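Read the figures in this text as sums done on the coordinates, not as results from a lab. Because the structure is a prediction, the values reported are computed rather than measured. Because the Cβ atoms are built from the backbone with ideal geometry, glycine has one as well, and the counts that use them run over all protein chains shown.
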Amino acid sequence: MLKIGITGSIASGKSTVSRYFSKKGYPTYIADLAVSELYRDQKVIKKLKKTFKIRGSLNLKSKIKKSLQEDKKNLIKLEKIIHPEVRKKMKLFFKKKKKSKIIVCEIPLLIEKKLMKYFDAILLVGANRKNRLKRYLKKGGKRKIFDILDKKQMKQSKKVKYCDHVIHNNKSLDSLKNNISNIIQRYE
C-alpha cells in the first residue's frame with residue numbers, strides 16, 4: 001500500500017486535490033473531517049468545555065473560534081486535545097484500507113506535526129497568500145482567524161524540502177487536475 005500525504009497552507013486547495021483523488025477511487029482520509037467528527041464526541045466535548053471554560057454544547061465550535069481570536073495560546077490548548085485524536089483516526093484508517101493499492105490523507109499540519117514518517121510520498125499544494133486569503137474569505141472565514149492559522153503554519157517555501165511533489169494552485173481548476181493526474185500516473 002502506497003500512502004500519499006497531502007499538505008499545504010490554509011486555503012491552498014488541499015481539499016480540491018483530495019476530492020479529485022477520491023473521485024478517481026482512492027480511499028481518502030481528511031483530517032479536517034476527523035476534527036469535525038470529534039466535535040460530536042462526548043469525551044472530546046467534555047475536554048474542550050473544561051479547557052475553554054465553556055458552558056453548554058450549543059455553538060461549541062464558534063465559542064472556541066472566538067477564544068482563538070482572544071488569545072493565540074488557546075490554539076495550542078486546542079491542538080493538544082484534537083491532534084492526538086486525529087492521529088488515532090488516521091492510523092485506524094490505515095488499518096481499514098490496508099488492502100488498497102494507494103491511499104490518500106489530507107493533513108494540513110502534516111509537516112509541522114512531523115507526520116512524514118507515516119507516508120511514502122508527500123504532496124504539497126501551494127498557492128500565493130492573496131489567492132488563499134480570497135478563497136478563505138469567500139468560504140465565510142474571518143481575516144483574523146486566517147492570519148492566526150496562516151502564521152501557525154510553516155511557510156510553503158520551507159515545506160518544499162519535505163515533499164516529493166509540489167503543485168502550484170494559482171491557475172485554473174483544469175491546470176490543477178492535470179497536475180494531479182500526472183502525479184497519479186507515476187504511482188499506478
* Length gained when the stretch Ile76-Lys50 is fully extended (0.36 nm per residue, less Cα-Cα span) -> 7.9 nm
* Asked: Which is farthest toward the positive dipole end of the stretch 2-187 among Ala34, Tyr20, Leu110, measuring Cα position about the Cα centre, with Cβ charges +1 (Lys, Arg) and -1 (Asp, Glu)?
  -> Ala34
* **222 nm mean residue ellipticity, helices alone, for the chain (DSSP H n ≥ 4; -39,500 (n - 2.57); rounded to 500)** => -16500 deg cm²/dmol
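Placing +1 at every Lys and Arg Cβ and -1 at every Asp and Glu Cβ, with all other atoms neutral, what dipole size does the stretch 2-187 have around its Cα centre, in debye to the nearest 20?
Numbers: 53 positive and 14 negative charges, 123 e Å.
Taking the Cα centre of the stretch 2-187 as origin, the dipole is about 600 debye.
If each residue of separation counts as 0.36 nm, what is the full-extension length gain between Lys177 and Leu58 once their alpha-carbon separation is subtracted? Walk me through the intermediate numbers first.
Details: separation 119, 0.36 × 119 = 42.84 nm, distance 3.90 nm.
This chain segment gains 38.9 nm when fully extended.
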* Put +1 on the Cβ of every Lys and Arg and -1 on every Asp and Glu Cβ in the stretch 2-187; which of Ile183, Phe94, Val125 then has its Cα farthest towards the positive end of the dipole? -> Phe94
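Listed highest first by mean packing, meaning other Cβ atoms within 10 Å per residue, what order do 77-85, 91-99 come in? Don't skip to the answer; put the middle values down first.
Working: 77-85: 15.2, 91-99: 12.2.
So the order, starting with the most tightly packed, is 77-85, 91-99.
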* Measure out, as a whole number of angstrom, how far apart the alpha-carbon centroids of the stretch 74-92 and the stretch 13-35 sit. => 19 Å
* Under 15 Å Cα-Cα from Lys72, which aspartates and glutamates qualify once same-chain neighbours fewer than 8 residues away are excluded? -> Asp147, Asp150
* To do: For the chain, find the longest principal axis of its Cα atoms and tell me its angle to the long axis of helix 173-187, 0 to 90°, nearest 10.
  => 70 degrees
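Dividing the Cα convex hull volume of the chain by residue count, how many Å³ per residue is that? Let's see the in-between values first.
On the way: hull volume 22.4 nm³, N = 188.
Dividing the Cα hull volume of the chain by its residue count gives 119 Å³.
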